[in-house]
Amino acid sequence: MTRDYIDHLCPSMHLYNKVTGLNEISFTVPASVNGTSVELDMYDLRGALVRTIFHGTRNSGTFVAPTDNIRADTYIFRLSANSSVQTTRALIVK
């Protein structure tokens, strides 16, 4: 797996959708790892799993996943695919 895969999840990819009022986070699967198994988890700062946002196989592209029904706080997002893992922090606002 190439490293460029996991570099696409970063705090700047956390979005607030003003139209729906929902928080969202996006991640990109490049063509070089098309069809790989992907898991995106959300943890609180104590390390407790808040929820699994996505778990499954993704083809190449950019995907947006909602992070609704959670309180405003700072969270850690963990993106894993095959043996690669990337983590980042993001602030959820309401």
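So, in the range 65-80, of the ones that are among the hydrophobic types (A, V, I, L, M, F, W, C) and surrounded by 13 or more Cβ atoms within 10 Å (Cβ to Cβ), which residue ends up modelled with the lowest pLDDT?
ILE70
Output the residues belonging to the range 40-94 that are under 14 Å from the mean Cα position of the chain (by Cα), of a type outside the set (D, E, K, R) and not in a strand (DSSP E or B).
If the condition is that a residue be under 14 Å from the mean Cα position of the chain (by Cα), of a type outside the set (D, E, K, R) and not in a strand (DSSP E or B), then THR67 is the only one that fits.
Quick one: what pairs do we get from the range 21-35, first residue within 10 Å of ASN59 (Cα to Cα) and crowded, with 17+ Cβ neighbours inside 10 Å, second of a type in the set (A, V, I, L, M) and at pLDDT 80 or above, C-beta under 9 Å, 6+ apart or different chains?
VAL29/VAL38
Pick out the one residue from THR57, THR52, THR87 that is touching a Gly at 6+ places or on another chain (Cβ under 9 Å) and free of Cβ contacts under 8 Å to residues at least 24 places away in the same chain.
The conditions single out THR57.
Say we look at the range 29-58 and pick out the residues that are at pLDDT 90 or above and among the basic types (Lys, Arg); which of these is farthest from ALA81 (Cα to Cα)?
Applying the filter and picking the extreme gives ARG46.
The values are calculated or read from the model by the stated rules, or taken from the named source; none is laboratory data. Here the structure is a predicted model, which means the values were calculated and not measured. In this analysis, Cβ positions are derived from the backbone assuming ideal geometry, glycine residues included, and neighbour counts consider all displayed protein chains.
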